[in-house]
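Asker: I have a structure I would like to understand better, so I am pasting it below and will then ask my questions one at a time.
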């Protein structure tokens, strides 16, 4: 037996330094968008290379959401309520955009994993066309009926009279939202998440810079109030979409929309609609329940609505980066199923789940320990802080479980099984969440806190359903 040889501190430092250098090199490759075959090699490395830019992409999205509400909160609780009510309506647009994005991920990742790059490019063009077909009518209706929609949501009349332009501009950006979602999904599904990250870095960075300028005014630029926030979003998203289209049609990556790919392929469009309908159905089920929850909150006044809006924005600040791990899992599942490697697809989903649970569990601990301090960073009205802090602490208890559920659902969707998660969401949100929120809010001493309790219970229930179905493994045999 060899005698034990003690390492000196210099050799230990050398080993640690080499590990740091390797980690830095991997992060650099991920951010630079270095091409990598995600259907072979170490699963952990593939997940890491995909996750880094995807997490950063979602972090930029969450920073924008937080910055937006931070600046708007300086205008008072009415402005915050207008943003919250509009966002509740706009979640319908997000639901459809996410549906299109998941459809793009499912099909494009399969084509990419099978090395069928021209088919992937043709599919990408169909995704763009489908996004415009769906979003333009929605934007038109949102602009025309903005005031009526706010009134339907229970907004006070002064909000409807003075802030409906904010709602009109925000809903009018539906085509930009859906194109951003869909095109970035194409980038991610093809194994190029760094481009999606850079697009949102520019779009949301510009948005954050323009927010205070247009809201409060600067030099010759007049103060536009809450409408300035909507205009900043419009400009930022427009620049982002222009970048996406330029890269898709003029880039040098494996998937490029050339003249050969520009065609109407109705069978592919039908497949996109089929997959998107399942995912959109999932999110519309969830969205409709969120609208009902916001409507319940409106019964308790604008202060409670403002606290709820800020609390949910903070939760989203942590949840959106977590979507990076879920999106990485979706890409790995799609590409490896396309390459005929279902076991590697499943292994990838589990790896992403562990990372997501660790991240969101840590975030939940912070929110549970310091809810009032976190809410107080955005507004200094004591009543709003108290209302928001109570809710933030309640929702925080389930963060780790939310992380597990997110990866499981995204993986099942990416495999092409978009109907089953819709049933899970229906059960969680409409059989559990909404009835529980109504009963707790109007029949018990919980009052508005009943909404937060129902969110915790329903989201945890949905995560367990998704885990059960994923472990059954039937999603591995679906053909797209």
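The values are calculated or read from the model by the stated rules, or taken from the named source; none is laboratory data. The structure displayed is predicted, hence computed values, not measured ones. In this analysis, Cβ positions are derived from the backbone assuming ideal geometry, glycine residues included, and neighbour counts consider all displayed protein chains.
Asker: Within region 151-238, considering only helices (runs of 4 or more DSSP H) that don't extend past its boundaries, which have at least 3 residues that are farther than 24 Å from residue 129 by Cβ? Give the steps one after another, and end with the answer.
Answerer: Details: elements: 157-172, 174-189, 193-216.
Those helices (runs of 4 or more DSSP H) span 157-172, 193-216.
Asker: Considering each of 236, 240 in turn, give the residue that is in contact with a helix residue (DSSP H, G or I) (Cβ under 6 Å, 6 or more places away or on another chain), over 17 Å from residue 67 (Cα atoms) and at pLDDT 90 or above. Give the derivation first.
Answerer: Details: 236 fails: over 17 Å from residue 67 (Cα atoms).
From the options 236, 240, the qualifying one is 240.
Results for (1) surrounded by fewer than 24 Cβ atoms within 10 Å (Cβ to Cβ); (2) more than 23 Å from residue 297 (Cα to Cα); (3) touching a helix residue (DSSP H, G or I) at 6+ places or on another chain (Cβ under 7 Å), shown as yes or no for each residue.
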residue	(1), (2), (3)
162	yes, no, no
170	no, no, yes
174	no, yes, yes
183	no, yes, yes
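Asker: Quick check: anything in region 19-26 touching a helix residue (DSSP H, G or I) at 6+ places or on another chain (Cβ under 8 Å) and at pLDDT below 80? First the steps, then the outcome.
Answerer: So the first thing to find is which residues in region 19-26 are touching a helix residue (DSSP H, G or I) at 6+ places or on another chain (Cβ under 8 Å), and the list is 26.
When the remaining residues are screened for being at pLDDT below 80, the result is 26.
Yes: one or more hits.
Asker: Tally time: how many residues in region 358-384 are within 20 Å of residue 319 (Cβ to Cβ) and modelled with pLDDT under 90?
Answerer: Residues of region 358-384 within 20 Å of residue 319 (Cβ to Cβ): 358-371, 373-375, 377-378.
When the remaining residues are screened for being modelled with pLDDT under 90, the result is 377-378.
Selection size over region 358-384: 2.
Asker: May I pose another question? Counting only residues that are free of Cβ contacts under 8 Å to residues at least 40 places away in the same chain and on the phi > 0 side of the Ramachandran plot, how many does region 144-178 have?
Answerer: The total comes to 0.
Asker: Let me ask something else. Taking region 248-277, which residues are in a helix (DSSP H, G or I) and out of contact with any helix residue (DSSP H, G or I) (no Cβ under 6 Å at 6 or more places or on another chain)? Please lay out each step first, then the result.
Answerer: Looking only at region 248-277, we keep the residues that are in a helix (DSSP H, G or I), and these are 248-250, 259-261, 266-277.
Selection gives 248, 249, 250, 259, 260, 266, 267, 270, 271, 273, 274, 277.
Asker: Looking at (1) closer than 25 Å to residue 306 by Cβ; (2) modelled with pLDDT of 95 or more, find the lone condition where residue 408 falls short.
Answerer: With (1) closer than 25 Å to residue 306 by Cβ; (2) modelled with pLDDT of 95 or more applied to residue 408, the lone miss is (1).
Asker: Filter region 281-292 for residues that are at pLDDT 85 or above and either surrounded by 24 or more Cβ atoms within 10 Å (Cβ to Cβ) or under 15 Å from residue 97 (Cα atoms) (or both) and give the result.
Answerer: Scanning region 281-292 gives 281, 282, 285.
Asker: Which residues, taken from region 374-391, are under 20 Å from residue 67 (Cα atoms) and under 25 Å from the mean Cα position of the chain (by Cα)? Spell out how you get there, then give the answer.
Answerer: Of the residues in region 374-391, the ones under 20 Å from residue 67 (Cα atoms) are 374-381, 384-385, 388-389.
Within region 374-391, 374, 375, 376, 377, 378, 379, 388, 389 meet the criteria.
Conditions tested, residue by residue: (1) under 16 Å from residue 207 (Cβ atoms); (2) free of Cβ contacts under 8 Å to residues at least 24 places away in the same chain; (3) in a helix (DSSP H, G or I); (4) within 14 Å of the chain's Cα centre (by Cα).
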| residue | (1), (2), (3), (4) |
| --- | --- |
| 49 | no, yes, yes, no |
| 57 | yes, no, yes, yes |
| 66 | yes, no, yes, yes |
| 70 | yes, no, yes, no |
| 84 | no, no, yes, no |
| 91 | no, no, yes, yes |
| 101 | no, no, yes, yes |
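Asker: Same structure again: Please specify each residue of region 436-470 satisfying the condition of being exposed (fewer than 12 other Cβ atoms within 10 Å of the Cβ) and either within 22 Å of the chain's Cα centre (by Cα) or modelled with pLDDT of 95 or more (or both).
Answerer: If we filter region 436-470 for residues that are exposed (fewer than 12 other Cβ atoms within 10 Å of the Cβ), which is where we start, we get 443-445, 468.
468, the sole residue that qualifies.
Asker: Show the residue pairs meeting these rules: Cβ distance below 7 Å; 6+ apart or different chains; first residue within region 452-469 and under 28 Å from residue 386 (Cβ atoms); second residue outside any helix (DSSP H, G or I) and at pLDDT below 95.
Answerer: 453/446; 456/397; 456/398; 459/398; 460/398
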